Amino acid sequence: MDSLKSEISSVAARLVVEEGLEYGPAKHRAIKQLGLPSRTPLPNNDEIEDAVVDYISVFCQDTQPGELLALRQLAVVWMERMAEYSPHLGGSVWLGTATRLSDIYIQLFCDDCKSAEISLIDHRVKYVPRTVTGFHGESVEALSVHAFCTGLQEEVGVHLLVYDRDDVRGALRLDAKGRKPRGDVLAVKRLLNEQPI
């Protein structure tokens, strides 16, 4: 990685960890903070993720593991609540780079895309419906809720992204680093059992 991309990655990583920004907005804010032209070539998400890992290891090594544990525990609660929709955890909570400012992203795979929404209504869960970019660049419905995280003693954003049942096969392809980009509830529980407290 060239030195300019490395500098952008470092600033973006700080914004991700300290302000809870997603990678895309963090990259764009980083180039503004560095006074670079808007057409400056940006680092890819893997480069940002590497910089986030480095940032956490230097500035957050005492607090981040406990925050990650709390977020994963809350993710399991929601995955069990939505079990009939084959929930898979993705994002920084799955990959292990989440902090207390990170949101939880759970993909649901449904035969009927409205069934997950009806389930929330039936359980009197307040949510905000949105359209977001899915893992293949397509538009997908997201049901966003605020959930109290006992381990953090504060509310956390939980986003339930609704996909067709058949999309689960493509969701499990390995990423560029050879990792599973998301995992089911059993995989998340394994991570919890392996994670030092």
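In degrees, nearest 10, range 0 to 90: what is the angle between the Cα axis of helix 185-194 and the longest Cα principal axis of the chain?
That works out to roughly 50 degrees.
³J(HN,Hα) across region 161-168 via Karplus (A = 6.51, B = -1.76, C = 1.60, θ = phi - 60°), whole Hz, x for Gly/Pro?
For region 161-168, the Karplus curve yields 8, 9, 10, 5, 3, 5, 5, 4 Hz.
From the list [x] 18.9; [y] 17.6; [z] 16.6, can you say which value of Kirkwood radius over Cα pairs in Å was derived from the structure given?
[y]
For region 1-36 and region 102-141, what is the separation of their Cα centres, given in Å?
29
Nothing charged except the Cβ atoms of Lys and Arg (+1) and of Asp and Glu (-1): what's the magnitude of the dipole of the chain about its Cα centre? Round to the nearest 20 debye.
That gives a dipole near 100 debye.
For region 113-197, which GluC sites (Glu not before Pro) are both in a DSSP coil and crowded by at most 12 other Cβ atoms within 10 Å?
Hits after loop and neighbour filter: E138.
How tilted is helix 3-19 with respect to the longest principal axis of the chain? Cα atoms for both, answer in degrees (0 to 90, nearest 10).
40
Using the Karplus curve 6.51 cos²θ - 1.76 cosθ + 1.60 with θ = phi - 60°, work out ³J(HN,Hα) for each residue of region 31-43 in order, rounded to whole Hz, and write x for Gly and Pro.
Listing the rounded values in order: 5, 5, 5, 7, x, 8, x, 5, 8, 4, x, 9, x Hz.
Note down the relative contact order for the chain as a percent, whole number, built from C-alpha pairs under 8 angstrom at least six residues apart.
Reported as a whole number, the value is 20 percent.
For the chain, take the longest principal axis of its alpha carbons; what is the angle in degrees between that and the long axis of helix 45-59, to the nearest 10 within 0 to 90?
The answer is roughly 80 degrees.
Counting only helical runs of four or more DSSP H residues, what would the 222 nm mean residue ellipticity of the chain come to if each run contributes -39,500 (n - 2.57) and the total is spread over all its residues?
-13500 deg cm²/dmol
Sort out the exposed loop trypsin sites (Lys or Arg not before Pro) in the chain (DSSP loop, at most 15 other Cβ within 10 Å) and tell me the longest stretch that has none.
40-113
Bear in mind that the values in this text are calculations on the coordinates, not laboratory data. If you're wondering where the values come from, they're calculated on a predicted model, not measured in any experiment. Every residue, glycine among them, receives a Cβ derived from its backbone with ideal geometry; neighbour counts consider all protein chains shown.
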